[in-house]
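Just so you know, all these numbers are worked out from the coordinates, no wet-lab data involved. Because the structure is a prediction, the values reported are computed rather than measured. Please note: Cβ atoms are built from the backbone with ideal geometry, for glycine as well, and neighbour counts cover all protein chains shown.
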Ligand code: NAD
Ligand code: ZN
């Protein structure tokens, strides 16, 4: 167990933290791994936005519909508790489900965007959608009349500039880095734990399975986020 005074904490979360809320992960298989015969990295791609935006929206509206029934779980809530206790805290999430914010997390970067936001394909104006409003609304930009698309980072797209740089800066300066529920395969977010470790942070992973990060973690806590994270946080702030 950790035996030093940490004052700067960075957490990276992935789809696994929301699994116990009923949000399917992709690599974990299940219904959402494939949509109408297309693998998720094909339907969730920049190419599909260009070629068949209606189909992309059908898939995202399906996911938004699933999310309507989902609530933040004990792991999301425990991270809010940790944030309130530590002066210097940043949560970086790859998730687009908005559950961290709904749980009460404030200092958060959603590196892959948010499923309940859309943006114009031309002028990039952003629109906040109501989570209960499925299918999406609006379908056209009220500024320039062009189509809107989900405001999330799709396969084949860059992360929004600024967000990633801020996350890297925090990862390199923190002394405790916690990774929860990510297979650590999706770059460039997966590089954050490496940056933290290289700069001397203590690295803890929470995942029921081994990941490419496991080899260089100081602690790998095997199990479900909803069970492990609340205990971890209690121990850290005790
Ligand atoms: P991922 O690569 O983050 O993999 C999911 C990981 O979660 C796996 O390592 C799995 O072992 C672990 N896991 C499963 N159940 C868990 C639990 N109860 N507690 C802790 N860990 C658990 O995610 P992916 O599904 O392969 O998705 C790839 C990309 O799509 C990522 O950017 C991801 O965040 C995004 N995505 C987001 C959501 C969401 O917003 N909730 C859902 C699916 C995918
Ligand atoms: Zn527009």
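If you average the alpha carbon positions of segment 17-95 and of segment 126-150, how far apart do those two centres end up, in angstrom?
Centre-to-centre distance over Cα atoms comes out at 19 Å.
Run through the DSSP bridge list for the chain and note the antiparallel percent, rounded to the nearest 5.
30
Relative to the longest principal axis of the chain, what angle (0 to 90°, nearest 10) does the C-alpha long axis of helix 225-237 take?
40
Under the rule a/c < 1.5 gives rounded, and otherwise a/b versus b/c splits prolate from oblate, where does the chain land using the Cα gyration tensor?
Note, shape of the chain comes out prolate.
Decide, for segment 139-180, between rounded, prolate and oblate: order the square roots of the alpha carbon gyration tensor eigenvalues as a ≥ b ≥ c, take rounded if a/c falls under 1.5, and otherwise choose prolate if a/b is larger than b/c, else oblate.
Prolate, because a/c is 1.5 or more and a/b exceeds b/c.
Could you calculate the contour length gain from residue 237 to residue 85, that is, 0.36 nm times the residue separation minus the distance between their Cα atoms, to one decimal place in nm?
Stretched out fully, the residue 237 to residue 85 stretch lengthens by 54.0 nm.
Return one number: the angle in degrees, 0 to 90 and rounded to the nearest 10, between the long axis of the Cα atoms of helix 53-68 and the longest principal axis of the Cα atoms of the chain.
The angle comes out near 50 degrees.
Zone of residue 219 (label point 7 Å along Cα→Cβ, backbone N under 13 Å): which residues in segment 163-181?
176-179
Can you tell me the relative contact order of the chain? Whole percent, Cα pairs under 8 Å, sequence separation 6 or more.
Value for the chain: 24 percent.
Using the number of other C-beta atoms within 10 angstrom as an exposure proxy, rank 87, 61, 137, 41 with the fewest first.
Least crowded to most crowded, the residues run 87, 137, 41, 61.
Pairing the Cα long axis of helix 74-85 with the longest principal axis of the chain, what angle in degrees results, from 0 to 90 and rounded to the nearest 10?
60
With a 10 Å Cβ neighbour count serving as the proxy for reagent exposure, in which order, fewest first, do 21, 161, 131 appear?
Ranking 21, 161, 131 by Cβ neighbours within 10 Å, fewest first, gives 161, 131, 21.
How many percent of DSSP beta bridges within segment 59-177 run antiparallel, rounded to 5?
So the antiparallel bridges amount to about 75 percent of the total.
What order do you get for 43, 237, 17, 109 when you list them from fewest to most C-beta neighbours inside 10 Å?
Ordered from fewest to most neighbouring Cβ atoms within 10 Å, 43, 237, 17, 109 come out as 237, 109, 43, 17.
Output needed for segment 42-110: three equivalent-ellipsoid semi-axes, defined as square roots of 5 times the C-alpha gyration tensor eigenvalues, in descending order, whole Å.
In descending order, the three semi-axes are 31, 14, 7 Å.
What 222 nm value per residue comes from the helices of the chain, counting each DSSP H run with n ≥ 4 as -39,500 (n - 2.57) and dividing by all residues, nearest 500 deg cm²/dmol?
Theoretical 222 nm ellipticity from helices: -9000 deg cm²/dmol.
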